[in-house]
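Data block below; observations after.
The values are calculated or read from the model by the stated rules, or taken from the named source; none is laboratory data. Predicted model, so just to flag it, every value in this text is computed and none were measured. Every residue, glycine among them, receives a Cβ derived from its backbone with ideal geometry; neighbour counts consider all protein chains shown. Side chains included, ligands, DNA and RNA excluded: accessible areas come from the protein's heavy atoms. Shrake-Rupley method; radii C 1.70, N 1.55, O 1.52, S 1.80 Å.
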Amino acid sequence: MTGGYVQVAVPVPVDGLFTYRLPDGVDAAPGCRVQVPFGPRRLVGLIVAGPDPEPPPALGGRAARAVTQVIDATPVVDGQALRLAGWISDYYMAPPGECYGLLLPPRLANTAPHEVGVPRARIEERVRLLPAPGPAAAERLGPRMEAALAWLDAAPGAPTVDEVRAATGIGRDVLRRLVDRGLVAVESRAVHRDPFEALEAPPDTAPALTAAQSAAVATVRGALGGYRGFLLHGVTGSGKTEVYLAIIEAALAQGKGALVLVPEIALTPQLVARFRSRLGECIAVQHSGLDPEARHEQWRRVAAGELPVVIGARSALFAPVQNLGLIVVDEEHEASFKQDTSPRYHARDLALVRGNLEGAPVVLGSATPSAESWANVERGKLERISLSARVMDRPMPVVEVVDLRSAAYADPERLFSTVLLDVVRQTIAAREQVILFLNRRGFASFLLCQECGAKLDCTACSVTYTWHRHRGRLVCHLCDESRPRPAVCPECRRDGLIEVGFGTEQVEARLAELIPDARIARMDRDTTRGRALERLLARFRGGEVDVLIGTQMVAKGHDFPNVTLVGVLLAELGLGFPDFRASERTFQLMTQIAGRAGRADKPGRVLVQTYLPEQYAIRHAVHHDTLAFLAEELPLRVARRFPPATHLALFRLSGKDPAHVGQGATALARALTSAALPYQGRVRVMPAQPAPIERVKHRWRFQVLVNADHRGALHQVLTDTRAEWGEGRLAPGVTVGLDIDPLTFL
Ligand SMILES: [Zn+2]
Ligand SMILES: [Zn+2]
């Protein structure tokens, strides 16, 4: 059939699909891209449904505009992917154009049609000196040829043509003459653009699995071929990665593909290297370091079935893996699986949806499962598989609490208790390594004027600047704005500014004073930009560093065999956040960081400094006891009516004029409240209120929280009020964003 009407997802933040007409004689199917007129512009959209011979009734007799060009002769996105994007748009109530856009790599999604094409891999030409001189070698050579040969002889490996030309100044003509005389060879090969290819990955074979690992593998292997959801709950060091590798190999053996999601791929070069070693060339590493060309090339190879395994952060969920046989979500409790811009999807939850749509088992792995996943086990939606012991019968590290209320301090700033400092010294003396953890970067939390009580706030945000002594600047952690430190208080002009609170930078400085000969490094957002993280991890693993001080980045699944001591400087740092998940996050972080100790044949020791040793998150983390923590946490969620017992939707409003934002939020809360009325208290609309951080980047922020006992009722209330919260409907200059299942409330 040719001609007819198609439904097109257009990349604009507007609700709904748009109807276009295919000109007579033109054919196209769902999953094909089309160029369409949109207002005065032309945009690239994706056909989602059609073509239908009749115009849809919603057009109301109006004429549909015509598609100006069909870009793809055959669909670039398959039907299952379209269904997944449609599901996202419905569930998260997000504009379809944004949701379907998730399916396409940036080049396909954003470029004008004539620029779209499949890029070839980059061709690299390398010059190699030939060992046996050819017959013409005895001829006299020009001085430039002689010089080039001498340089090549001294150069290690095979340099590229560009390198040879840059170093010796010869032109392509001279190079060609060298080739003609059989003195050198120029070899071309296609280079696929993948920064992780440079990673060292010698081939590796699987170790023998423990009985628990084997049982886990057998369970998942038995589930291949259909949807089942698993929660793989394995204590730190229990060898979850080996289970992942074995079940991926099982899927590959059946001719199926696999998808592996990790929280932040830049933090896990070691995990990626292990996957590469074991699975070899069949793995695509999806990484933000890939340029758009490289991402496109990778996407094309995955879609063509050349790369059956994809590993990446949350957006890898949309990789066009062919014949999907398995999805693994590692560290499923991590908040980074949730996207913080529209569409605000949670990749762990979507992994279950995609597995369900495509008939593949989904394995969610964690040492510290989220309350949501645990509740899903209790509801029978996930099956629990447990690895309750470390591999090689290694003991769990011993965790000791240092009660800061009664401890003796080693320094006047009260960062180090004497007991922690002594153990750090002993560990270094034994030539073993230490991790010190504090989840706050910078030197001091803020500057306070002792004379007038003023705090130095960011001019654009309602938070204090953090003092970064190394950079010599005050930095806003929300908007990154920075300024030099003023000599006197800007409020009272007196010399009263003091530093309050401490961050990783200060821990580093104090420790250097306390143990001058220790080799110390710091790992946080300030020290790990670009490739610095990989180098830092390599230095630490190579034993060039005795003490690694870091924020939560050091807690993320790293395996440092020589680390026998982990020190937590202030365990309760995250408990002050206005968030019902504060205890859960603290428990997870403490348990994960404690798990970094003693992962090889040396036993580990963990010292936790805290003013709140009785707090239940800290108490249970000390015993690595996830079950006991959740047994205490989940009833609290039920009693306080928070997820996973209930379902949340959070509206965030912002604008330059606080009065407009406040009025918009109040109007929205009123509309939601009346829509919730029929549900008699099962859908609760909280009064509009300023966000805990009232202002960010000069914009004032308000929130409206909806809390419901039933998912369906929540969805209905939001649907009924959709006309109210559409873009630009509330008040002039006020933007509104809806976050279903929000993870942050700041
Ligand atoms: Zn002052
Ligand atoms: Zn700021």
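Please report the net charge: other residues with Cβ closer than 14 Å to the Cβ of LEU677, K and R +1, D and E -1.
On the way: positive: ARG670, ARG682, ARG684; negative: ASP720.
Surrounding charge for LEU677 is +2.
Measuring from label point to label point, each 7 Å out along Cα→Cβ, what is the GLU293 to ILE498 span in nm?
Between GLU293 and ILE498, the label points sit 5.8 nm apart.
Would you grab the residues whose amide H sits under 5 Å from the one on LYS338? Only those 5+ places off in sequence or on another chain, please, with H modelled 1.01 Å from N.
Counting only residues 5 or more places away or on other chains, the set is ALA347.
Check ARG485: other-chain or 5+ apart residues with amide H under 5 Å from its amide H, H built from backbone geometry?
Result for ARG485 returns LEU474.
Between region 340-400 and region 682-713, what is the separation of their alpha carbon centroids in Å?
Answer, in whole Å: 28.
Suppose accessible area is computed on protein heavy atoms with a 1.4 Å probe; arrange ILE283, ILE428 from highest to lowest.
Working: ILE283 5, ILE428 35 Å².
Final ranking, largest accessible area leading: ILE428, ILE283.
At a 10 angstrom cut-off on C-beta neighbours, averaged per residue, how do the peptides 401-412, 238-249, 285-296, 438-449 rank from highest to lowest?
Numbers: 401-412: 14.1, 238-249: 23.2, 285-296: 18.5, 438-449: 21.4.
Top to bottom by mean Cβ count within 10 Å: 238-249, 438-449, 285-296, 401-412.
Let me know the charge dipole size of region 202-392 about its Cα centre in debye, to the nearest 20, where only the beta-carbon of Lys, Arg (+1) and Asp, Glu (-1) is charged.
Values: 19 positive and 19 negative charges, 72 e Å.
I would put it at about 340 debye.
Compute the label zone of THR744 within region 327-369: residues whose backbone N is under 14 Å from the point 7 Å along Cα-to-Cβ.
335-342, 344-345
What aspartates and glutamates does LYS240 reach when the alpha-carbon gap must be under 13 Å and sequence neighbours fewer than 8 apart in one chain are set aside?
ASP330, GLU331, GLU332, ASP559
Obtain the nm distance between the two label points defined at ALA206 and ALA582 by a simple spin-label model: each point lies 7 Å from its Cα along the Cα-to-C-beta direction.
Here the answer is 4.5 nm between the modelled labels.
In square nanometres, what is one fourth of the surface area of the convex hull spanned by the alpha carbons of the chain? Mind dumping the intermediate values first?
Numbers: hull surface 164.8 nm².
It is 41.2 nm².
Ranking request for peptides 584-590, 558-564, 148-154: highest mean number of other beta-carbon atoms within 10 Å first, then the rest in descending order. Intermediate results must be reported in sequence, preceding the final value.
Working: 584-590: 24.6, 558-564: 19.4, 148-154: 14.7.
In decreasing order of mean packing, 584-590, 558-564, 148-154 become 584-590, 558-564, 148-154.
To the nearest 20 debye, what charge dipole does the chain have about its Cα centre, counting +1 at the Cβ of each Lys and Arg and -1 at the Cβ of each Asp and Glu? Please report the intermediate quantities before stating the final value.
Values: 87 positive and 82 negative charges, 151 e Å.
Dipole magnitude for the chain comes out near 720 debye.
Which of rounded, prolate or oblate describes region 4-115 when judged by the alpha-carbon gyration tensor and an a/c cut-off of 1.5?
Values: a/c = 1.40, a/b = 1.15, b/c = 1.21.
Rounded is the answer for region 4-115, as its axis ratio a/c remains below 1.5.
Roughly speaking, what is the stretch gain from HIS698 to ALA335, that is 0.36 nm per residue apart minus the C-alpha to C-alpha distance, in nm to one decimal? Show your work: numbers first, answer last.
Values: separation 363, 0.36 × 363 = 130.68 nm, distance 2.63 nm.
Additional length available on full extension: 128.0 nm.
On a 1.4 Å probe surface of the protein chains, which of HIS660, HIS623, HIS468 comes out largest in accessible area, and what is the full order?
On the way: HIS660 60, HIS623 130, HIS468 5 Å².
The most accessible residue leads, giving HIS623, HIS660, HIS468.
Towards the positive end of the charge dipole of the chain, with charges on Cβ (+1 Lys, Arg; -1 Asp, Glu), say which of PHE275, LEU129, TYR244 has the farthest Cα.
The Cα lying farthest towards the positive end belongs to LEU129.
Take LYS602, project a point 7 Å from its Cα along the Cβ direction, then tell me which residues of region 405-435 have their backbone nitrogen under 13 Å from it.
Correct set: 424-435.
With the cut-off at 26 Å, tell me which of the pairs LYS256/LYS556; LYS455/LYS556; LYS556/LYS602 have Cα atoms farther apart than that. Provide the component values of the computation, followed by the final result.
Numbers: LYS256/LYS556 29 Å; LYS455/LYS556 33 Å; LYS556/LYS602 20 Å.
Beyond 26 Å between Cα atoms: LYS256/LYS556; LYS455/LYS556.
Please list, by residue number, everything in region 1-34 whose backbone N is under 16 Å from a paramagnetic label point 7 Å out along Cα→Cβ of ARG41.
So the set is 9-16, 18, 34.
Tell me, how many Å apart are the Cα centres for region 272-307 and for region 485-515?
Between the Cα centres of region 272-307 and region 485-515 lies a distance of 46 Å.
Quick one: if you stick a label point 7 Å off each Cα along the C-beta vector at GLU451 and ARG682, how many nm between them?
Placing both labels 7 Å beyond Cα along the Cβ direction yields 6.3 nm.
Using a Förster distance of 41 Å, how high is the FRET efficiency between GLU281 and ASP162, based on the Cβ-Cβ distance and rounded to 0.05? Write out the running numbers ahead of the final one.
Working: r = 26 Å, r/R0 = 0.64.
FRET efficiency, GLU281 to ASP162: 0.95.
Spelling out what I want: for every residue of region 370-375, take phi, set θ = phi - 60°, compute 6.51 cos²θ - 1.76 cosθ + 1.60 (Karplus), and round to whole Hz; glycine and proline get x.
5, 4, 5, 5, 5, 4
Before anything else, pin down the relative contact order of the chain: Cα pairs under 8 Å, at least 6 apart, normalised by residue count, whole percent.
Details: 1472 pairs, mean separation 71.7, N = 746.
Relative contact order, the chain: 10 percent.
To the nearest 0.05, what FRET efficiency results for SER188 and ALA532 with a Förster distance of 45 Å applied to their C-beta separation?
Numbers: r = 33 Å, r/R0 = 0.74.
That pair, SER188 with ALA532, gives E of 0.85.
When the helices in the chain are scored as -39500 (n - 2.57) per DSSP H run of 4 or longer and the sum is shared across all residues, what 222 nm value do you end up with, to the nearest 500 deg cm²/dmol? Walk me through the numbers on the way to the answer.
Working: 21 runs with 224 residues, N = 746.
It comes out at -9000 deg cm²/dmol, rounded to the nearest 500.
Taking a ≥ b ≥ c as the square roots of the eigenvalues of the Cα gyration tensor of region 647-740, is the shape rounded (a/c under 1.5), prolate (a/b larger than b/c) or oblate? Show your work: numbers first, answer last.
Numbers: a/c = 2.24, a/b = 1.82, b/c = 1.23.
Taking the square roots of the gyration eigenvalues as a ≥ b ≥ c, region 647-740 is prolate.
How large is the translational diffusion coefficient of region 202-392 in µm² per second when you combine the Kirkwood radius over alpha carbon pairs with Stokes-Einstein at 25 °C and 0.890 mPa s?
Numbers: Rh = 16.5 Å.
The Stokes-Einstein estimate is 148 µm²/s.
If amide H atoms are built 1.01 Å from N in the plane of the peptide, which residues on other chains or at least 5 residues away come under 5 Å of the amide H of LEU436?
LEU548, ILE549, GLY550, GLY567
Could you give each residue of region 634-650 its phi-based ³J(HN,Hα) in whole Hz, using Karplus coefficients 6.51, -1.76, 1.60 with θ = phi - 60°, and x for Gly or Pro?
So the J values, rounded to whole Hz, are 4, x, 5, 5, 5, 5, 8, 6, 10, x, x, 6, 10, 10, 10, 9, 10.
Kindly write out, for region 236-251 in residue order, the coupling ³J(HN,Hα) from the Karplus curve 6.51 cos²θ - 1.76 cosθ + 1.60 (θ = phi - 60°), rounded to whole Hz, with x marking Gly and Pro.
4, x, 8, x, 5, 4, 5, 5, 4, 4, 5, 6, 5, 4, 5, 5
Would you kindly find the accessible area of GLU544, with a 1.4 Å probe and non-protein molecules such as ligands, DNA and RNA excluded, rounding to the nearest 10 Å²?
Here the accessible area works out near 100 Å².
Checking the a/c ratio against 1.5 first, then a/b against b/c, what shape does the Cα gyration tensor give for region 417-482? Numbers along the way, then the final one.
Working: a/c = 3.68, a/b = 2.32, b/c = 1.59.
Since a/c reaches 1.5 and a/b is larger than b/c, the shape of region 417-482 is classed as prolate.
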